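Let me begin by presenting the structure, written as structure tokens, before commenting on it.
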Amino acid sequence: MILTNIRLSVRFRWTLCLTNQMVKRVKVSAPGKIILSGEHAVVYGCPALLSAVNKRLTITQWGDKKKISSDIPIGCGMGSSAAFAVASSALNIKLKGKKWDLEEINKEAYKMEKRQHGNPSGGDNTISTYGGFLWYRKESEQLKIFSPIRVKIRLPKFYIINTGKPYESTKDMILIAAELKERKPRRFENIINKIGIVTKSFLKYFTNEEKMVFSELIKENERLLEDLGVVSKSTAWLIRKIEKIGGAAKISGAGGRKLYSGILLVCHPDEEKLLNFAKDEHLNIFPIRLGEEGVKNEKTN
Ligand code: MEV
């Protein structure tokens, strides 16, 4: 009788302990990103200037239940897959009771990104992990260099126009650029080098080392991406219209060639004019904040 009671009480404590573990909530979030300059070229060892944005993906887990919520447009160049990889990697670390270690989170997220995109630069997961503004360069598979950027100017107000989810994946778009490299190596080299130079100019503008007309840098970057073949005709046409009304826009991310090219990073000195234009053209437009926080260990209640 006594023995049975002890057994029951042990079992009861075990059950309680399991229930407690099962209801324990773990919550993490990771931001989306925009590439100010350097997409595609960064895959070939050129630098990229990246920023985390105020759109996030959150994963909550309790017991065997998991909830994923996100306001990052999916598959449109805003780093939805990287945010998922970073948040998943952070969640694993928490579930295993390991130390919150950004380097470790980023490393595991990069592995996931590689499984999905083939040959990514690792920039997307790195900015989603560390947040803020980053100068990023993949020297080799083993050596990826990045440094936070202190922005020393008053940034213009940025908008995102979503042209729609491209038919092509990031992997497809990386392959499109690789095909040009194969077919026309000198032309490719020339475009990539020029993108590298523009990215440096972006950096000097942001750190206030050189005075520049920011909209001209955006336009130059966009033209080079069009030359690379990662922007669809209808997107290029829309961008020309934005330029005609006094603004500047570029694709941000892998782009898309058949029809939609994902998100555009847009700026315009006259906000009202831009918003009216977007309304007339039935465009999906929203303001975006840059330099936001990276992966976060969220509080649960
Ligand atoms: C995708 O967001 C950016 C690309 O440069 C690919 C990469 O960096 O892995 C197109």
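Tabulated results
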item	result
Which numbered condition I263 misses (of (1) over 15 Å from L36 (Cα atoms); (2) touching a strand residue (DSSP E or B) at 6+ places or on another chain (Cβ under 8 Å); (3) crowded, with 16+ Cβ neighbours inside 10 Å)	(1)
Residues satisfying the stated conditions in the stretch 71-100, i.e. within 16 Å of the ligand (Cβ to nearest atom) and of a type in the set (S, T, Y)	S80, S81
Count of residues meeting criterion [within 17 Å of V231 (Cα to Cα) and within 16 Å of the ligand (Cβ to nearest atom)] in the stretch 152-193	23
Qualifying residue in the stretch 221-244 (condition: within 13 Å of the ligand (Cβ to nearest atom), among the β-branched types (V, I, T) and either at pLDDT below 95 or on the phi < 0 side of the Ramachandran plot (or both))	yes
Members of the stretch 98-119 found to be part of a loop (DSSP other than H, G, I, E, B) and either aromatic (F, W, Y) or at pLDDT below 95 (or both), listed by number	W100, G118, N119
Any hit, the stretch 9-24, residues being touching a Ser or Thr at 6+ places or on another chain (Cβ under 9 Å) and modelled with pLDDT of 95 or more	no
Yes/no for K157 being charged (D, E, K, R), under 16 Å from N119 (Cβ atoms) and modelled with pLDDT of 95 or more	no
Number of positions in the stretch 233-260 that are more than 19 Å from I34 (Cβ to Cβ) and either in contact with a strand residue (DSSP E or B) (Cβ under 6 Å, 6 or more places away or on another chain) or polar (S, T, N, Q) (or both)	1
Which numbered condition T126 fails, given (1) assigned to a loop (DSSP other than H, G, I, E, B); (2) on the phi < 0 side of the Ramachandran plot	(1)
Flag for K66 being free of Cβ contacts under 8 Å to residues at least 24 places away in the same chain and surrounded by fewer than 24 Cβ atoms within 10 Å (Cβ to Cβ)	yes
Test: residue in the stretch 190-213 that is on the phi > 0 side of the Ramachandran plot, touching a Leu at 6+ places or on another chain (Cβ under 8 Å) and surrounded by 14 or more Cβ atoms within 10 Å (Cβ to Cβ)	no
Single residue of the stretch 24-56 satisfying the filter (away from the ligand (no atom under 12 Å from the Cβ) and small (G, A, S)) that is surrounded by the most Cβ atoms within 10 Å (Cβ to Cβ)	A30
F277 aromatic (F, W, Y), over 30 Å from I93 (Cβ atoms) and part of a strand (DSSP E or B)	no
Residue, surrounded by the fewest Cβ atoms within 10 Å (Cβ to Cβ), within the stretch 215-245, restricted to residues that are more than 25 Å from D280 (Cβ to Cβ) and hydrophobic (A, V, I, L, M, F, W, C)	L217
Filter pass, L91 being assigned to a strand (DSSP E or B) and buried (at least 19 other Cβ atoms within 10 Å of the Cβ)	no
Residues being more than 11 Å from the ligand (Cβ to nearest atom), of a type outside the set (A, V, I, L, M, F, W, C) and closer than 24 Å to R289 by Cα - total across the stretch 102-132	5
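The values are calculated or read from the model by the stated rules, or taken from the named source; none is laboratory data. In this text, all values refer to a predicted model and were calculated from it rather than measured experimentally. Glycine also receives a Cβ, built like all others from the backbone with ideal geometry; neighbour counts cover every protein chain displayed.
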